[in-house]
Amino acid sequence: MAQLTLLQAVNDALKTEMKKDDRVVIFGEDVGYVGGVFRATEGLQKEFGESRCFDTPLCESGIIGAAIGMSLYGLRPIAEIQFLDFIYPAFDQIISEAAKMRYRSGGQFTCPMVIRTPYGGGIKGGHYHSQSTEAFFAHTPGLKVVIPSNPYDAKGLLISAIRDPDPVMFLEPKRLYRSLKGEVPEGDYTVPIGKAHSVCEGTDVTLFCYGAMVPVCTEAAKKANGQGTSCEVVDLRTITPLDMEAILAAAQKTGRVVIVHEAVKTAGFGAEISALISEKAMEYMKAPILRVAGFDTPFPYTLEHVYMPDSVRVLRAIEKVMKY
Amino acid sequence: MTVEMVQILKPDGSLVNSKIEPKISEADLKKMYRVMVLTRFLDERGLTLQRQGRIGFYVTSTGQEAIVGSALPLQKEDWIFPAYREHAVGLFRGFPLKVFIGQLFGNSEDLNKGRQMPNHFAYAPIHYVSISSPIATQVAQAAGAAIASKIRKDSAIAITYCGDGGTSEGEFHAGMNFAGAFKAPCVFFCSNNQYAISVPVEKQTAQPVIAEKAKAYGFPGIRVDGNDVLAVYQVVKEAVTRAREGQGPTLIEAFTFRMGAHSSSDDPTRYCPKSKLEEWSQKDPIKRFKTYLISKKLWSEAEDTKLIEQVKQEISDTVTEVMKGTPPSLSSMFEEVYQEMPLNLQWQKEELLEEARAKGEFLDSSEAFPL
Ligand SMILES: Cc1ncc(C[n+]2csc(CCOP(=O)(O)OP(=O)(O)O)c2C)c(N)n1
């Protein structure tokens, strides 16, 4: 099996689906000729031609609006937004249009499309190349929000997203784009949307995370293990629809929960997980549910390394729930 | 194409027609030239600092320094809504070099307090509004400032800058349309450097002359040779005068070329033919202006050599000084989110300070990524 980076796995998934389904088209800013500023679409224009993979004008509302039109017409568009931080000109098209098309037309019209975009911090990108605003999209019924944390899942989840009958936000943790490699099978396979995955088993504390926070939590779990605390790490992989059964089972198993995301703490997705556990499994809890998250400030530049949750901060939270 | 390109200096530095030579004082001519040279070497140093890992990122304006011509007609009360390649405009209007370099380092010498990545300048004393990454957002804001000036019956005008790529964003339309509808004192300056990262302008719009877009909004559009500082000065001066006299906005398209990479994260050899670079290096705005100044007997090679030494020294001294700065304090991260710090931020700040004490060293990451 090939050892690929997350970025290569994304490229592989796109290629696999483009080969299989001639309705799949890919476009965005700098996506065609040079293959994307991160090179996620490298080689696709050459292999599949300019009508399947192309550059667009610099206009996110146009990119997403056009993707909606194409999906209504019967194509399977994959729109790349260069950075999640630049998606807001398209917010109306995503929130008011793509997300609601099926519902508002009584199922007459649908928008099967994927919006791929790098998100998250850790690359010294300042306010506008670093944010994690997945909660905006998770707060919108009609959208699915998928966030892979490793090359294998990235390919399998992206193929699922492309085949999904509903619009999918596919958020790629850019910090992990090239920082780790993993085994990725050739050709066609899928990882189901809406299913969490237990990265490592444990009995004392359950860590919930996704995206770039998965390796951070794994590292924290290792450190905790050295101190005699056994941690379960659950990678959510999809935040909408949420794998509620898996979350409740993992929370009940240990009775101690720490939720980790790099997004702003207040009204971040961690609050949703915490509320779910409080509502459905409070009686199993041995300690308060803690969140380790970005601070309620815009994403800073020089102090990025302080802002981003790291394994030390996660470990402190683990110690806190153990001491409670 | 119905719009012609305004040019005063030919690429070889000679006048197209001596009758259209603008009247600019010797002091202003020399100041513009100095800022252009300063900008060129500042960009060179900025890139070097980035490659040495001393700063995280840099954007050059190499080849586009003639934009300084748009700064001369402005008055102190005017407002500037920049994109990110208008270094020369800021420096000409009074942006201190130390503030510029301080921002690159994001340390205690940075007025922005290390909160933004390099090249995202802001300097309130000259109304140089805070730069942000999202393209073209400033265009609509400039229209707003211009409308405000009109509401208050002030004489201030607003000028805003964007690239050819920026014209594709909805906010370009919004800003142009607002300014037109309100007949606001606003000048839209589009630097058509022919690329938006890798995307050539032909793919950006089916209209080969961006200045023509003004028609759709009911005000004049003018195309100017963006490498000709005198022509840039002249057309902006006329647009500023129109705006100040209540005749509404103007769109200026400065036809130019980005001689460097898009940013320190970019490699233009992947998409830009070498021949294009060679073609445009013949049209260098600094060389052209220098030839003109020498022909007017306002400048000499000896003075030029001295100036280059001077600006290099000034940059070096400032870099050395700024590098003595210290990183922003942890608590500064929580300040100025609002005027007053709400409880959630106070709690988070206290928690962080407590953790920091327990934690000791922080890890750093500085991998190069395309921004
Ligand atoms: C809303 C938004 N979308 C995408 C980007 C990423 N991006 C940064 S610069 C750039 C190209 C800008 O081109 P242009 O406006 O022509 O200006 P130039 O860089 O050529 O001066 C792009 C796509 C961004 N900063 N903001």
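Within 14 Å of the ligand (Cβ to nearest atom), open to solvent by 10 Å² or more (accessible area, probe 1.4 Å), in the same structural domain as residue B:66 (by TED's automatic domain parsing) and under 20 Å from the mean Cα position of the chain (by Cα): is that true of residue B:133 in this structure? Write out each step before concluding.
Values: within 14 Å of the ligand (Cβ to nearest atom): yes; open to solvent by 10 Å² or more (accessible area, probe 1.4 Å): yes; in the same structural domain as residue B:66 (by TED's automatic domain parsing): yes; under 20 Å from the mean Cα position of the chain (by Cα): yes.
Here the answer is yes, as residue B:133 does meet what is asked.
Are there helices (runs of 4 or more DSSP H) fully within region B:195-290 with at least 3 residues that are more than 14 Å from every other protein chain (Cβ to nearest Cβ)? List them.
Numbers: elements: B:201-204, B:229-244, B:274-281.
Those helices (runs of 4 or more DSSP H) span B:229-244, B:274-281.
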Identify the residue in region A:260-307 that is touching a strand residue (DSSP E or B) at 6+ places or on another chain (Cβ under 7 Å), among the charged types (D, E, K, R) and within 20 Å of residue A:240 (Cβ to Cβ) and, among all such residues, is surrounded by the fewest Cβ atoms within 10 Å (Cβ to Cβ).
A:265
Assuming residue B:45 fulfils every condition listed in (1) within 14 Å of another protein chain (Cβ to nearest Cβ); (2) over 13 Å from the mean Cα position of the chain (by Cα); (3) surrounded by fewer than 24 Cβ atoms within 10 Å (Cβ to Cβ); (4) closer than 28 Å to residue B:283 by Cβ apart from one, which condition is it?
(1)
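Among the residues of region B:309-338, count how many are open to solvent by 50 Å² or more (accessible area, probe 1.4 Å) and under 29 Å from the mean Cα position of the chain (by Cα). Outline the logic, then answer.
First pass over region B:309-338, keeping only residues open to solvent by 50 Å² or more (accessible area, probe 1.4 Å): B:309-310, B:312-314, B:317, B:320-321, B:323-324, B:326-327, B:329, B:335-336, B:338.
Narrowing the set further to residues that are under 29 Å from the mean Cα position of the chain (by Cα) leaves B:309-310, B:312-314, B:317, B:320-321, B:323-324, B:326-327, B:335-336, B:338.
Of the residues in region B:309-338, 15 are open to solvent by 50 Å² or more (accessible area, probe 1.4 Å) and under 29 Å from the mean Cα position of the chain (by Cα).
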Might you let me know whether region A:182-196 holds any residue that is loosely packed, with under 15 Cβ neighbours inside 10 Å and more than 26 Å from residue A:9 (Cα to Cα)?
no
Mind listing whichever residues of region B:108-125 are of a type in the set (A, V, I, L, M, F, W, C) and buried (at least 22 other Cβ atoms within 10 Å of the Cβ)?
B:117, B:121
Is it true that residue B:163 is within 13 Å of another protein chain (Cβ to nearest Cβ), within 16 Å of the ligand (Cβ to nearest atom), under 19 Å from residue B:216 (Cα atoms) and surrounded by fewer than 21 Cβ atoms within 10 Å (Cβ to Cβ)?
no
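Which one of A:80, A:29 is within 15 Å of the ligand (Cβ to nearest atom) and either at the interface with another protein chain (Cβ under 10 Å from one of its Cβ atoms) or among the basic types (Lys, Arg) (or both)? Quick ask: steps written out before the conclusion?
Numbers: A:80 fails: either at the interface with another protein chain (Cβ under 10 Å from one of its Cβ atoms) or among the basic types (Lys, Arg) (or both).
Matching residue, one of A:80, A:29: A:29.
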Those strands (runs of 3 or more DSSP E) completely within region A:226-319 that have 1 or more residues that are free of Cβ contacts under 8 Å to residues at least 60 places away in the same chain are A:231-235, A:257-264, A:290-294
Do you know which of the residues in region A:83-106 that are open to solvent by 40 Å² or more (accessible area, probe 1.4 Å) and within 10 Å of chain B (Cβ to nearest Cβ) is nearest to the ligand (Cβ to nearest atom)?
A:89
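Criterion first (in contact with a helix residue (DSSP H, G or I) (Cβ under 6 Å, 6 or more places away or on another chain) and more than 7 Å from chain A (Cβ to nearest Cβ)) does residue B:177 satisfy it? Steps first, answer last, please.
On the way: in contact with a helix residue (DSSP H, G or I) (Cβ under 6 Å, 6 or more places away or on another chain): yes; more than 7 Å from chain A (Cβ to nearest Cβ): yes.
Considered against the rule, which asks whether it is in contact with a helix residue (DSSP H, G or I) (Cβ under 6 Å, 6 or more places away or on another chain) and more than 7 Å from chain A (Cβ to nearest Cβ), residue B:177 comes out as yes.
The values are calculated or read from the model by the stated rules, or taken from the named source; none is laboratory data. Quantities reported herein were computed from a predicted structural model and do not represent experimental measurements. We place every Cβ from the backbone using ideal geometry, glycine too, and count neighbours over all the protein chains shown. Note: areas computed on protein heavy atoms with side chains; ligands, DNA, RNA excluded. Shrake-Rupley method; radii C 1.70, N 1.55, O 1.52, S 1.80 Å.
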